[in-house]
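Data block below; observations after.
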Amino acid sequence: MCRSGVRTVAVLVALLAAVAMPGSPEPQTEAPPDDQAHPAAELPSGEAYRIGALFALSGPAMSLGQPESDTARMLQDQINAAGGVAGHPIQVIIKDTQSDEVEAFLAARELVETENVLAIVGPTRSGTTLGIINYIEQSQVPLISCAGARVIADPVREWVFQVVPSDRDGVHRVCRYLADHGLIRIAVMAGNGAYGEAGLDEIEAQAPDAGITIVSRERFGPFDRDMTTQLRRIAATDAQAIVFWGLATAPAIIARQIAQLHISLPLVGSWASGTPSFIEQAGNAGNGVTMVGVRILIAEQLPDTDLQKPLLTQFITSFQERYDARPDRFAAHAWDALQIVCQALRTSGPDRAALREVIEQTRGFVGMDGVFKYSPDNHNGLTPDDLVMVRVEKGHWRLVE
């Protein structure tokens, strides 16, 4: 059992019971008033349900994959301590993608063909997800990706799902924010990987409808440490704001170098930088940066009527007690992916095809990233309303809208 002890397990059981089962018309979130409502569960004794996990534990995306791995290990312990899934313990088998497409493919093949997992959660990155989805479709193993590129689940692939709001939805919120604040001429800085490419494509597609003109397009790589050349070119334009879309340490470097060059343009970005490491690496230069994000960043600032708040605050407490750190949005992705699989396993049992069908029928699942509504035509399950705009103020995230 994790360090949070019997009380955390009891509250977790209550919260898991509160999450709507697939097909439920209305999610329920009210927990029993005390621990006596759920006596200690019997330890699971059936054959373990094996679930694979592909996370970036090394390479440029390791700061994203580590909290995902931490969450998966914590949930495995909590779920098993609470009785498992229909009397079966879960075994989460975690493999390191090394932030690399080839390594992700080799790890996925090992999980499917050697470990014989029932489903896979992850990978962390869009590029590594796109590198394995054809194999996943051929192998007919349910995959719930923790990456955000729209093309992962659109067009719909039979065996592939997402738990991350798509870049289409993220760009929609960013464009709405920019237009509402009169920032209609923008420069875009996008990473040269799959995530940055997808974000740039969406910005170019949606900006005209929002009345926004892109006056400059710049690119950067995951290992770039000097963005001053791109920033000087942007400073020479009539841009009113800089929009960045990328992963790893690059956004923090952009923020620092904007400050060093005394460029006064507001910086607005994607949720990929909604992590403690961005605030740490950007330092004072991070203050004022606005991003589209998910609710876990500002859970305590949500009204008590918010459907996700009880789950978010409990998860934050459990994670902090175990790891002495606050969970970020990547931890939230892993929570959603693993919980959706376990929720479906309660109905499907250890059958991959049946598990896929039950996942697809998930309705009203209250998670960390939003309230999921999958369907045969929608394997992302989220909407722009599941996103919020946040800003760094004095080294902390603050809800903007």
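Results, tabulated for the structure shown:
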{"quantity": "Gaussian network model of the chain, springs between alpha carbon atoms under 10 Å - residue of GLU204, GLU113, GLU321 with greatest fluctuation", "calculated": "GLU113"}
{"quantity": "Degrees between helix 5-18 axis and first principal axis of the chain (Cα, 0 to 90, nearest 10)", "calculated": "80 degrees"}
{"quantity": "Residue (of ASN192, GLY122, ALA285) at the positive-pole extreme of the chain, dipole from beta-carbon charges", "calculated": "ALA285"}
{"quantity": "Potential lengthening between HIS396 and ARG225 on full extension [0.36 nm per residue; Cα-Cα distance subtracted]", "calculated": "59.1 nm"}
{"quantity": "Rg over Rh, two decimals, segment 265-401 (C-alpha only, Kirkwood Rh)", "calculated": "1.02"}
{"quantity": "Magnitude of the charge dipole, the chain, Cβ model with Lys/Arg +1 and Asp/Glu -1, debye to 20", "calculated": "780 debye"}
{"quantity": "Descending semi-axes in Å of the chain, equivalent ellipsoid built from Cα gyration tensor", "calculated": "36, 23, 19"}
{"quantity": "Calculated FRET value between LEU43 and ASP351, using beta carbons and R₀ = 30 Å, to 0.05", "calculated": "0.80"}
{"quantity": "Value of relative contact order over segment 167-293, rounded to a whole percent, pairs C-alpha under 8 Å and six or more apart", "calculated": "26 percent"}
{"quantity": "Solvent-free Debye scattering, log10 I(q)/I(0), computed from the Cα coordinates of segment 36-195 at q = 0.08, 0.10, 0.12 Å⁻¹", "calculated": "-0.30, -0.45, -0.61"}
{"quantity": "Candidates PRO327, PRO67, PRO276: whichever shows maximal mean-square fluctuation once the chain is modelled as a Gaussian network with Cα springs under 10 Å", "calculated": "PRO276"}
{"quantity": "Stretchable slack from ARG217 to GLU137, in nm (0.36 nm times residue separation minus alpha-carbon distance)", "calculated": "25.3 nm"}
{"quantity": "10 Å Cβ shell holding at most 16 others, DSSP loop, trypsin sites (Lys or Arg not before Pro): longest site-free stretch of the chain", "calculated": "226-393"}
{"quantity": "Tail fraction, Cα-Cα pairs, segment 280-338, threshold 15 Å, whole percent", "calculated": "58 percent"}
{"quantity": "Radius of gyration and maximum dimension Dmax of segment 167-293, Cα, Å", "calculated": "13.0, 36"}
{"quantity": "Relative contact order for the chain, counting Cα pairs under 8 Å that sit 6 or more residues apart, in percent", "calculated": "19 percent"}
{"quantity": "Degrees between helix 194-206 axis and first principal axis of the chain (Cα, 0 to 90, nearest 10)", "calculated": "60 degrees"}
{"quantity": "Crossing angle, helix 309-323 versus the chain [Cα axis fit, 0-90 degrees, rounded to tens]", "calculated": "90 degrees"}
{"quantity": "Ratio of the Cα radius of gyration of segment 121-209 to 2.2 N^0.38 Å, where N counts its residues", "calculated": "1.21"}
{"quantity": "Dipole in debye (nearest 20) - segment 167-293, about Cα centre, beta carbon charges: Lys, Arg +1; Asp, Glu -1", "calculated": "320 debye"}
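No value in this document is a laboratory result; all are computed from the given coordinates. On a predicted model such as this, the values are computed, not experimentally measured, just so you know. A quick note on method: Cβ atoms are made from the backbone with ideal geometry, for glycine too, and the neighbour counts reach across all protein chains shown.
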